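Heads up, the thing below is written out as structure tokens.
Where a number appears in this text, it was derived from the coordinates with a stated rule and is not lab data. Please read all numbers here as calculations on a predicted model, not as lab measurements. For neighbour counting, all protein chains shown are included, and Cβ atoms are generated from backbone atoms with ideal geometry for every residue, glycine included.
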Amino acid sequence: MKVFIDAPRKGATNMAIDMALSHWVTTSQNESIVLRFYRWDPPCLSLGRNQHIDAINVDYLNEMGFDLVRRPTGGKAVLHWVELTYSFIAKSVDKRIPRNVVDSYMKISTALKAGLNSMGFPVEINEKKASEISDICFQVPSVKELVIFGKKLVGSAQTRKKGALLQHGSILLRAMPDEYLSCFHELSKDERQRKKVKNSMIGLEDYSKKKVNIPELIENLMLAFSIIFEERIEIADYNKLGPEFSEKLDLYERMFDSYEWNFKRQTMDSLNTNR
């Protein structure tokens, strides 16, 4: 299992790395699963692949100095601020990866749960289907997502494209509901929705009432993934992935930085990422 532990980066770069790694996994002779841990600088609101931007208060994002990026995965908006993001990438044909999307979510959630449980967090896997649709990822836990006392802790999204499975997700350290809600035009004005969101999300530090040691958190998650997916850990280096990875990274970064992708939802194919 190749593990990348990154310094904080802007939204476009983080998404570009995930996609370039997905391409590398499918085109190289590598049979390893790729696991990546990263954070965001500046804080960033990421949108789901098909999410409309009309609901987003872009003026508030600009005022706060927040970044904005559209993910290649589905789901709803996530404010990446006081959190740790993971990404899990593998060949779609890998025998360790269930073909069914829900089953693959379950296996990845099982690894996340094991890592968090080992640190004393009473994390459980949600078995209830979402009861409503929201523009906010953390308003409602989906089936197989991680919760503490019924409150959503981890929001994840998955895509399978060109032979690769990519799932990434946000592990909240602190919930930050007021800042999260302020990123939306209507939701920020709706007191009923504000109360609902505040009661639906939780961070590790909200539960523990103390600072989380990020290196320790990553170490425990790595070990859990290694056990669940039966593969030894190898701390990896982007510089050793070859020139094609670097070329794809540059191409994807320009795409994820573009107005056409983030605001107009133009497809990756139309933006020439398949050259």
Fill in: Neighbour-count order for Tyr86, Tyr207, fewest beta carbons within 10 angstrom listed first
Tyr207, Tyr86
Discussion item. Run the paramagnetic zone check for Lys189: 7 angstrom along Cα to Cβ, then residues of segment 58-79 with backbone nitrogen under 18 Å.
Written reply: 58-61
Item to complete: Using the number of other C-beta atoms within 10 angstrom as an exposure proxy, rank Asp237, Asp190 with the fewest first.
Response: Asp237, Asp190
Worksheet item: Given a cut-off of under 8 Å on Cα pairs at least six residues apart, what relative contact order in percent is computed for the chain?
Response: 25
Item to complete: Using Cα positions and a limit of under 21 Å, work out the lysines in reach of Lys189, with same-chain residues fewer than 8 apart set aside.
Response: Lys76, Lys198
Fill in: Bridge type composition, the chain - antiparallel percent by DSSP, nearest 5
70
Worksheet entry | Whichever aspartates and glutamates have a C-alpha closer than 13 Å to that of Lys151, once near sequence neighbours (fewer than 8 apart) are set aside | Glu124, Glu127, Asp206
Worksheet item: Taking each full run of DSSP H in the chain as one helix, which ones are at least 18 Å long along their axis (Cα atoms) and have mean Kyte-Doolittle hydropathy of at least 1.0?
Response: 214-228
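Rounded to the nearest 0.05, what FRET efficiency is calculated for Glu179 and Glu244 with R0 set to 51 Å and r the Cβ-Cβ distance?
Working: r = 39 Å, r/R0 = 0.76.
Working from the Cβ atoms, E equals 0.85.
List the longest stretch of the chain that has no exposed loop site; here a site is one of the GluC sites (Glu not before Pro) assigned by DSSP to anything other than H, G, I, E or B, with at most 13 other Cβ within 10 Å. Working shown, then result.
Details: sites that count: Glu31, Glu127, Glu132, Glu186, Glu230.
The longest such stretch corresponds to 32-126.
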Worksheet item: When a footprinting reagent is the concern and you count Cβ atoms within 10 Å, what order do Met255, Met15 take, fewest first?
Response: Met255, Met15
Item to complete: Please report how far the C-alpha centroid of segment 205-247 lies from that of segment 1-71, rounded to the nearest whole angstrom.
Response: 16
